[in-house]
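Enquirer: What follows is a single structure, and I will ask about it in a moment.
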């Protein structure tokens, strides 16, 4: 039997469907998403919860003429399916396939690229202002939610939108969740259970009261209806948005397609800022995701029937960070843990369970997380702030101004540093070495494996200087994590293999591939010294200078942008000391890296054993610069 979805190849195909058929289509899209994501992995729960929103938007509005902006982007799978990417959806997040996030270069229906949260209102308002400056006519709709309304940027956009009074629609997808359960006073306000059934009951009782009054005039009816609207606004989050200059509509059931369509049709002709408050359930339609929305926020391949991951579950760097911090917290009551809406993703959920008074989830507010940590340091605590590398970018000024300038010894644990895989360019942690290295007083480290992560974290809480430790996404190497802690002095590197032809200076996850490359080189009589650099700042200057003078050839390897990274630091060191040496840098070129598996992307970038061996062979064939100068 042919599905309705088989007939939908563009939003235009939706227009001829009946309301009942739209409901049927929502179920088919959910099944289609499940079939694909169970194989490819992806952001499942958020997109399952936003299916009816995507259908209603494309049924009522005329994209891409009308601009629809999806905040964060992990809510947008149904949107992708409805806008000509149904066939290619099976390539979701695969190498050379379609992105897991909105991407303008992929489709004209993706009005704005998103992967980080809370940008949609600012971007949508900018598009609205540009439309008016050009004298054009179309609608702009920003779909925000899944926790994104807890970030300050969203309210900066709302504040200006209310002031400018542009023709602009905001849909608030309120599912009470970001990646994990939302926190904070604002979240509590938005998620009051004065919504849904309660609001409907209040309206119904007021209507019944009006009808019970005999022979009332139209003026009184109008007055009472306005009073009703004011009451509902007062008792729901509408008071907040009305105060910001928006016309508030809602709350409405986000899984009632008829109600959504009717509401969007009603507001479509308004020419002022409008906010529609929509209540949805994250993971809607798939029982395992409804029960555990955090676990199904972002998933790898899984068994669709049981919801269990495919393949063995192995220890990850996040797991080791989590267990190590718990161990350290038991040794030192000054240690507190901070996360920005990601207790599960950063592994701090276990810390929260054991030490609830010493755990702080600040919501999607990385800037606040860093300055909040700085305040804790001022009063003698040792805050460990766990933030993904890609999200720490949002707190650059706070790290510089509030931490480094005041020499405050917070510890920043940068999870998902380097190539992260299928989430692609919005999530790769490829810039942290570059944007942190130039900050005065900063200690910047990268462990080679999980055992060294333990030692560095133990050392960092005692450094008494701002310290950032980066570690990769994914499985550990299998090293023993039960050995006693060792203190590693700042800037102390480690020689792992000796060789006189060249020295390979490797950092973090690149150390083991460098060792493998050195073993292959030895088989062809090329002796390569391998150094586990450990630190980007401070460098082990004495060791690097000695190796440069002795071998005349250095190969630096890092999973970071080459601009301003570890290799750049080595070049600067050689220049300062006027040491002549052939230097080859391996890293990420001046580009954004697309999505694919970590192995595929590292291979393309030459950041695996094959790539390191190739670069080392080429470098070994050169005549060292110091010998050329001497001749």
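Enquirer: What is the order of 357, 512, 271, fewest Cβ neighbours within 10 Å to most?
Expert: Fewest to most other Cβ atoms nearby, the residues stand as 357, 271, 512.
Enquirer: Return the Rg/Rh ratio of segment 488-588 with Cα-based radii and a Kirkwood Rh.
Expert: Numbers: Rg = 12.4 Å, Rh = 13.3 Å.
Expressed as Rg/Rh, it is 0.93.
Enquirer: Take every DSSP beta bridge whose two residues both sit in segment 317-470, then give the antiparallel share in percent to the nearest 5.
Expert: Values: 1 of 21 bridges.
Here the antiparallel bridges make up roughly 5 percent for segment 317-470.
Enquirer: Another question, if that's okay. Using a 7 Å offset from the Cα along the Cα-to-Cβ direction at both residue 290 and residue 621, what is the distance between the two label points in nm, to one decimal?
Expert: Distance between the two pseudo-spin positions: 6.3 nm.
Enquirer: Please state the relative contact order of the chain as a whole percent: Cα pairs under 8 Å, 6+ residues apart? Walk me through the numbers before you get to the answer.
Expert: Numbers: 1280 pairs, mean separation 70.8, N = 631.
Once divided by the residue count of the chain, the mean separation gives 11 percent.
Enquirer: Order these peptides, 557-565, 20-28, by their mean beta-carbon neighbour count within 10 angstrom, highest first.
Expert: Details: 557-565: 24.0, 20-28: 16.7.
By packing density, highest mean first, the sequence is 557-565, 20-28.
Enquirer: No solvent, one uniform scatterer per C-alpha: report log10 I(q)/I(0) for segment 285-406 via the Debye equation at q = 0.19, 0.23 1/Å, two decimals.
Expert: Normalising to I(0) and taking log10 leaves -1.07, -1.33.
Enquirer: Please order 452, 576, 523 by the number of other Cβ within 10 Å, starting at the fewest.
Expert: Working: 452 23, 576 10, 523 7.
The order, fewest Cβ neighbours first, is 523, 576, 452.
Enquirer: When all C-alpha to C-alpha distances in segment 1-51 are sorted into bins of 5 Å, what percent of pairs does each bin hold, rounded to whole numbers?
Expert: For segment 1-51, the binned pair fractions read 4, 18, 28, 23, 17, 8, 2 percent.
Enquirer: Please list the radius of gyration and Dmax for segment 91-154, considering alpha-carbon atoms only, with Å as the unit.
Expert: 13.8, 41
Enquirer: If we count other beta carbons within 10 Å of each Cβ, what is the order of 524, 274, 530, fewest first?
Expert: 524, 274, 530
Enquirer: Stick to Cα atoms and the Kirkwood definition of Rh, then tell me Rg/Rh for segment 317-470.
Expert: On the way: Rg = 13.9 Å, Rh = 15.1 Å.
Radius of gyration over Kirkwood radius for segment 317-470 works out to 0.92.
Enquirer: Here's another thing I want to ask about it. Sort the following peptides by mean Cβ neighbour count (other Cβ atoms within 10 Å, averaged over residues), highest first: 338-347, 429-438. It would help to have the intermediate numbers written out before the result.
Expert: Values: 338-347: 25.9, 429-438: 22.0.
So the peptides 338-347, 429-438, ranked by packing, come out 338-347, 429-438.
Enquirer: Would you compute, from DSSP H runs of 4+ residues alone, the mean residue ellipticity of the chain at 222 nm, taking -39500 (n - 2.57) per run and dividing by the full residue count, rounded to the nearest 500? Before the final figure, lay out the partial values.
Expert: Details: 24 runs with 249 residues, N = 631.
The helix contribution divided over the chain gives -11500 deg cm²/dmol.
Enquirer: Then there is this: Give me the one-decimal Kirkwood hydrodynamic radius in Å for the chain, with the sum taken over alpha-carbon pairs.
Expert: Values: mean 1/r = 0.0376 Å⁻¹.
When all Cα pairs of the chain are included, the Kirkwood radius is 26.6 Å.
FYI, it's all coordinate maths here, none of it is from the lab. Values in this document were obtained by computation on a predicted structure and should not be read as measured data. Quick reminder, even Gly has a Cβ in these numbers, built from the backbone with ideal geometry, and neighbours come from all protein chains shown.
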